[in-house]
Amino acid sequence: MTTATATIPHGVHHHGPEKGLMRWIKTTNHKDIGSLYMWFAFAMLLIGGALAMGIRAELLQPGMQLMEPQFFNQLTTMHGLIMVFGAIMPAFVGLGNWLIPMMIGAPDMALPRMNNWSFWILPFAGGILLSTFFMEGGAPAFGWTFYAPLSTTFAPDSTDFFIFAVHLLGFSSIMGAINIIATVLNMRAPEMKLMDMPLFVWTWLITSFLLIGAMPVLAGVVTMMLTDRNFGTAFFDATGGGDPVMFQHIFWFFGHPEVYIMILPAFGITSHIIPTFARKPLFGYSSMVYATASIAFLSYIVWAHHMFLTGMPVAGGLYFMYATMLIAVPTGVKVFNWVATMWRGSMTFEAPMLWTLSFVFLFTIGGFSGLMLGIAPADIQYHDTYFVVAHFHYVLVTGALWAIIAATLYWLPKWTGKMYNESLAKIHFWWAVISVNILFFPQHFLGLAGMPRRIPDYSLQFADFNLISSIGGFAFGASFFLLTYIVVDCIRNGKPVSARPWKGAKGLEWTLDAKAPYHSFNTPPSRALIEAESQHSA
Amino acid sequence: MKRLTTLTSALVALVSTNVFAEYGLNMTEGVTSVSRNIYDLHMMVFWVCVVIAVVVFGTMFYSIFAHRQSKGHQAANFHESTKVELLWTTIPILILVSMAIPASKALIDLEDTSKADMTIKITAHQWKWQYDYPKENISFISNLAQSSKDSIKGDKKPEHYLLEVDNRLVLPVDTSIRFLVTSNDVIHNWWVPDFGVKQDANPGFINDAWAKIDKIGTYRGQCAELCGKDHGFMPIVVDVVSKEDYAKWVAKQQSAQAAVAASANKIWSKSELMAKGESVYNTNCAACHQKNGLGLPPVFPPVKDSKIVNGPASEHIKIVLHGKAAMPAFKILNDVDLAAVITYERVAFENTGSIVQPADVKSAR
Ligand code: HEM
Ligand SMILES: [Cu+2]
Ligand SMILES: [Cu+2]
């Protein structure tokens, strides 16, 4: 449709990608970079998943069968770090790269060279992180939250490499965020007002501000660790006048926004897929935007709900409890709006919709356990137990990861011009959704019954639920082979699709060719087109 | 094969639902007013969530069932209603406020430690607990029981596998007890679910918590903050006894500690020191330096063939008393135990060091 050959003189611009490997190394194209991000995230998901299989294998039954406790701690730590920084965050950046220019009528990202750089830092950061497994003293073993002084005075030498890797990951994220803000604010089709933007763009714009606010704090805290470890400072060492609890304040001032960084884009994706398959406009477009913004704001002022047991004064406990409960309000609004979008629609249940509906259901369960955790006195019994492990896996796996899979299936036809195998995708969905609940639901019971998290071995009363959970884990892990097959099969052998393969879909991306052209919009879309494709038009 | 049988038997057990009665599904109500408050709050929030879930998911599933294209349902076109938005912003706020009120009361109540009758100081070490009764002048260390340590790798597990210790904390019933919690190295967390007490132990700072236990019995808990390698292996066992039994226990404990102090003044034979030293070593040192003395290099050095262990006794006493980097200080052990364990290290593992007397340790303190 919108190829630019007519408007730009020949010889000035390349229109296609370079050939061979150099295409990927030198690329400044948002689609190429989006694909790189997605494949990188997928590789990390498989590595992090393999580590999780190791964890679940050791926890299959009481006693230490497969490894030493220290190695177990390395596995949980690296699993958490890789999933958060290597899988979920890059996958969302990849989706943002692919989709944002297409959704706002732009040809590409605003800062294409920086875009290249922010991706290519990642493999190095990930490589450094993984290489710590082979260093003397082993990989970091202090949990993905790396509380001092376990991560300073008492940590293995490889910790300095971990710090360097975190710095690199932070650079990458900040550059990615700057790029998205610049793109959304400057490259948007001139006729598109902010309140015309689709929700995926809105949620990513807001997420970018969270990233810019939070990642420097993470960089700060690891730098303080670095100087405590190597240059004789005592930020977190009480014998030198420091305070280990201060570490937790700084960490969670990054950490809580971070968990919303991993879920806001998922909210955006959900707000695209439900209207498409309910064949009804999104309910409450503007309240969705405001709810996202309020969640982002609140996410900065609730950090110490992770620290109720550190010896916080009562007033602090009360404040952080109230602020945390408040987040339930805008989050609830989102869920209600999605249900209202389904209400009296004309629903069909293709794979992306199945993933999205189960997202709404399972993420909300994670939200309920989150509300329970926010009740400060009750958190005394929940804190650092498997109840927490269940909670964050419901919001991260059946939340963030679910939305990523839904988005991949939903937009795969636009990326490849081809359709995936729907019946295989349905089989895969049911396999994953059943096994993931066998994996994580029993962990609620384990936590309530008193099993602490991050332990490599447990007493006998926890044996049964751990066994069930491990079996679910192996089944869930195996489901990813099928997902790999479905995606590769679509790219190789998928049936060609039309420009708008989902009948109810709206959005500028669906006005492009069946397989989106290398440069998205070389002439900006008209006002009429923008209005016709906007999420709030009837 | 063995794994397969456990697997199938567990699946069978799963089907026979009465098994669930034995294994906890829910939070314990516990034996203190705090733990009961927490339990009530937990159940209240849980039921509120259930009600909301029934309404929201009910609507969603009804819609999925009724408003589907395959049943010929035509899509409506409404997509906005300020009234509805206001409604589902206000109702949740009201629900939250009604939960916040009892939650605030409980929080204020459990933080109030002013009315304590006695105080226990709890000091966490990698990976054991030290209990001090400041008024009674009692102090001891509580480690994972040897029976559990010995069965980590085996198939036969003792009854309270990983939840048994060598020295239990003993507390009187119906007494307001104030716990002062701190740590000697990294952050730990002292958690006994039945008391509703879970408090971070921060190095260099002291936190407090309290409990008034109203039922005699044995209560078990675990460290609840990742504290390194053996975080999963530092349980807590508390014997709550009648006030009379508690007084007897205190008297017995005090005379035992006096006997130990007295024995520090006598000269010990090598075989006495070695016998005692072996058990002190296995309880306190083997986690890092290993039972065979070979350590876990590069982090935990071997004591076999070590320069310090085979060198002058004063250096050896110094590193054990005062620690060094990741090697903890063992000032907390008494002179006899220290002399014994140092002698054991110097003589066992084919080492060739001299023996050390309690008096040597005393003068080095
Ligand atoms: C997108 C996928 C996933 C994400 C984002 C994720 C995230 C996390 C995080 C942040 C932690 C905390 C690490 C720590 O305690 O230091 C964690 C721990 C853990 N995860 Fe995952 N996870 C994912 C998938 C899985 C899967 C598929 C399994 C099991 C098959 C799994 C099993 C575990 C276990 C057993 C722990 C350790 C809990 C503990 O002892 O602290 N995770 N995960
Ligand atoms: Cu948080
Ligand atoms: Cu611990």
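The values are calculated or read from the model by the stated rules, or taken from the named source; none is laboratory data. Owing to the predicted nature of the structure, the values given are computational and were not obtained by experimental measurement. Cβ: placed from backbone, ideal geometry, glycine included. Neighbour counts: every protein chain shown. What goes into the accessible areas is simple: the full protein's heavy atoms, side chains included, and nothing from ligands, DNA or RNA. Shrake-Rupley method; radii C 1.70, N 1.55, O 1.52, S 1.80 Å.
Here is how the numbers come out for the structure above:
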item	result
Computed helical MRE - 222 nm, chain B, DSSP H runs ≥ 4 contributing -39500 (n - 2.57), nearest 500	-14000 deg cm²/dmol
Restraint check, B:LYS318/B:LYS362; B:LYS128/B:LYS248; B:LYS135/B:LYS243; A:LYS31/A:LYS280, Cα-Cα greater than 21 Å	B:LYS128/B:LYS248; A:LYS31/A:LYS280
Dipole magnitude of the protein assembly as shown about its Cα centre (Cβ charges: Lys, Arg +1; Asp, Glu -1), debye to nearest 20	1820
Shape category assigned to the range B:303-365 from the gyration tensor of Cα positions, a/c cut at 1.5	oblate
C-alpha long axis of helix B:33-66 to longest principal axis of chain B, angle in °	40
10 Å Cβ neighbours from other chains, averaged over peptide B:232-245	1
Residue of B:HIS42, B:HIS73, B:HIS160 that the Gaussian network model of chain B assigns the largest fluctuation, springs spanning Cα pairs under 10 Å	B:HIS73
Inter-part distance where the range A:264-287 and the range A:409-437 are each reduced to a Cα centre, Å	19
Solvent-free Debye scattering, log10 I(q)/I(0), computed from the Cα coordinates of chain B at q = 0.07 Å⁻¹	-0.47
Residue-averaged beta-carbon neighbours from other chains (10 angstrom radius) around B:155-167	3
Accessible area per residue in Å² at 1.4 Å probe, computed on the protein assembly as shown	38
Chain B - percent of accessible surface contributed by carbon and sulfur, probe 1.4 Å	60
B:LYS331 - accessible surface, heavy atoms, 1.4 Å probe, Å² rounded to 10	110
Rounded to the nearest 10 Å², the accessible area of B:TYR219 at probe 1.4 Å	20
Share of alpha-carbon pairs per 20 Å distance bin for the range A:22-532, given as whole %	23, 59, 18, 0
Shape of the range A:279-326, Cα gyration tensor, a/c cut at 1.5	prolate
Average beta carbon contacts from partner chains per residue of A:352-361, 10 Å cutoff	1
Rounded to the nearest 20 debye, dipole of chain A from Cβ charges on Lys, Arg, Asp, Glu	1780
Per-pair calculated FRET efficiency, R0 = 41 Å: A:MET246 and B:VAL97 via Cβ, rounded to 0.05	0.80
For the range A:252-292: rounded, prolate or oblate by the Cα gyration tensor [a/c cutoff 1.5]	oblate
Chain A, helix-only ellipticity at 222 nm - DSSP H runs n ≥ 4, -39,500 (n - 2.57), divided by all residues, nearest 500	-21500 deg cm²/dmol
Anchor A:LYS26: lysines whose Cα lies under 30 Å away (excluding residues fewer than 8 positions away in-chain)	A:LYS414, A:LYS418, A:LYS515
Most mobile of B:LYS229, B:LYS276, B:LYS153 in a GNM of chain B (Cα contacts under 10 Å)	B:LYS153
Length released on extending from A:PHE231 to A:TRP144, taking residue separation times 0.36 nm less the Cα-Cα span	29.0 nm
Stokes-Einstein D in µm²/s, Kirkwood radius over Cα pairs - the protein assembly as shown at 37 °C with 0.692 mPa s viscosity	111
Equivalent ellipsoid dimensions for the range A:328-374 as semi-axes, Å, which come from the Cα gyration tensor, largest first	23, 13, 6
Once the Cα gyration tensor of the range A:174-330 is diagonalised, semi-axes √(5λ) in Å	36, 20, 10
Alpha carbon centroid spacing (whole Å) that separates the range B:60-124 from the range A:506-538	38
Residue order for A:SER294, B:SER151, B:SER279 - accessible surface, 1.4 angstrom probe, largest first	B:SER279, A:SER294, B:SER151
D_trans [Stokes-Einstein, Kirkwood Rh over alpha-carbon pairs] for the range B:118-261, 25 °C, 0.890 mPa s, µm² s⁻¹	157
Residue with peak Gaussian network fluctuation, chain B [Cα springs, cutoff 10 Å], from B:ASN292, B:ASN202, B:ASN143	B:ASN292
³J(HN,Hα), Karplus 6.51/-1.76/1.60, whole Hz, each residue of the range A:169-181, x for Gly, Pro	4, x, 3, 4, 5, 5, 4, x, 5, 4, 4, 5, 4
Hits among aspartates and glutamates - C-alpha to C-alpha of B:LYS276 under 16 Å, sequence gap 8 or more where chains match	B:ASP166, B:ASP335, B:ASP337, B:GLU345
Rounded accessible area of A:MET53 (nearest 10 Å², 1.4 Å probe)	60
Centre separation in Å (Cα based) which lies between the range B:282-324 and the range B:128-199	25
Nearest-ten-degree value, helix A:199-230 long axis tilted from longest Cα axis of chain A	30
Accessible area that becomes buried as A packs against B, both chains, 1.4 Å probe, Å², nearest 100	8600
Out-of-range pairs (alpha-carbon distance over 30 Å; input B:LYS215/B:LYS291; A:LYS506/B:LYS83; B:LYS153/B:LYS331)	B:LYS215/B:LYS291; B:LYS153/B:LYS331
Phi-based couplings in Hz for the range A:405-418 (Karplus 6.51, -1.76, 1.60; Gly and Pro marked x)	5, 4, 5, 4, 5, 5, 9, 3, x, 6, 6, 10, x, 10
